[in-house]
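Read-outs: derived from the displayed coordinates by stated rules, not from any lab. None of the values given here were measured: they were computed from a predicted structure. Heads up, the Cβs are rebuilt from the backbone with ideal geometry, glycines too, and the neighbour counts pull from every protein chain shown.
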Amino acid sequence: DWTADAFVETTIAELKAKLGNDKVVLGLSGGVDSSVAAILLHKAIGKNLHCIFVDNGLLRKDEFESVLEQYKHMGLNIKGVDAKERFLSQLAGVKDPELKRKAIGRVFIEVFDDAAHEVQDVVWLAQGTIYPDIIESVSVKGPSATIKSHHNVGGLPDFMKLKIVEPLNTLFKDEVRRVGKSLGIEGFILGRHPFPGPGLAIRILGDVTPEKVAILQEADAIYINNLKEAGLYDKVWQAGAIFLPVQSVGVMGDERTYENVICLRAVESVDGMTADWCHLPYNVLAKISNEIINKVKGINRVVYDISSKPPATIEWE
Ligand code: XMP
């Protein structure tokens, strides 16, 4: 029978044998998978693991700073790279979802390559790839715009000439969480909702601007905080707000407004391959809607997505 404790023990032993005294780079995303991969590797090879955390300007509100702090607390050897401008400038005017993903993937590779270069004599690239990622990358939506789906593009950057180590690639998400628990990783990290590599860029329909990112970050923070306060965050598999660049008429005081829409999405799922929309309580939805409309400038209407996957996907792009 599979147990998390046994997995941890054998995997650490295997990593030690495989990696010896080699240096390894790993891109951390703040998500469950890369965090668990990092701690496993850290236990196996300690300071020879060099983690890189890229701020692409498309993370949730305050996420980069708070997650970087948490990782440092966990003893990881981590470098934070501020690449906000680089990503946002490459996204300017790009409307097509696939082109947005490609632009983000390309810039990520450039930024990661620069950062990985700074680690002398690195031999391995570690990734938090889990089993469903391998399946998803051949699905209809095409490869996800993370580092993992770009291995076979031409003209490889230097870090891609590295040997690959993927300690979680036989596991499903729930197993990764159990492994994380066995490693002593804190619950709030293990319980974090999945978040896509291209971040808020694929939750802003059409072109991405710094203003839209700022609006979405505020609305999303209100949404997620309310789910936490209502004790619903851990019951939902994934939740997030989406910015719809559709203007509609509203009224604020005596003023007519003509502003954008925020859509709330929350789903139940096991592995993201299929999903049902969550029946969130009306009173919670009402509070979130009021708070977003009252506090977030540029939004005068909030809607709730009641579509399941399939045929809708979880993300809107
Ligand atoms: P969809 O939208 O395909 O999403 O139903 C399924 C799950 O995958 C996540 N997702 C991504 N994750 N890079 C990622 O790392 C991506 O490009 C990407 N696209 C979707 C999504 O958030 C959901 O959990």
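Numerical summary
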| quantity | calculated |
| --- | --- |
| Rotationally averaged projected area of region 28-98 (alpha carbon convex hull; nm²) | 5.6 nm² |
| Cβ charges +1 (Lys, Arg) and -1 (Asp, Glu), total dipole of region 4-190, debye | 200 debye |
| Sorted by Cβ neighbour density within 10 Å, fewest at the top, the residues Leu285, Leu99, Leu162, Leu49 | Leu99, Leu285, Leu162, Leu49 |
| Over region 4-190, volume per residue of the alpha carbon convex hull, in Å³ | 118 Å³ |
| DSSP-loop trypsin sites (Lys or Arg not before Pro) across region 247-301, with at most 11 other Cβ within 10 angstrom | Lys297 |
| Cα-based radius of gyration of region 183-226 once divided by 2.2 N^0.38 Å, which approximates compact folds | 1.43 |
| Computed P(r) (all Cα pairs; the chain; 10 Å bins; percent) | 5, 26, 34, 23, 9, 2, 0, 0 |
| Selected from Val24, Val270, Val111 as most flexible by GNM, with the chain as the system and alpha-carbon contacts under 10 Å | Val270 |
| Cross-link partners of Lys173 among lysines (Cα-Cα below 19 Å; sequence separation of 8 or more within a chain) | Lys148, Lys181, Lys235, Lys309 |
| Pairwise FRET efficiency - Lys72 versus Lys163, Cβ, R0 = 35 Å, nearest 0.05 | 0.80 |
| Over region 209-304: Rg over Rh, Cα atoms, Kirkwood Rh | 0.99 |
| Listed residues Lys235, Lys212, Lys61, most fluctuating in the chain (Gaussian network, C-alpha, under 10 Å) | Lys235 |
| Kyte-Doolittle at least -0.5, axis length at least 24 Å by Cα - qualifying DSSP helices, the chain | 97-117, 210-229 |
| Most mobile listed residue (Leu200, Leu183, Leu26) in the chain, GNM with C-alpha springs under 10 Å | Leu183 |
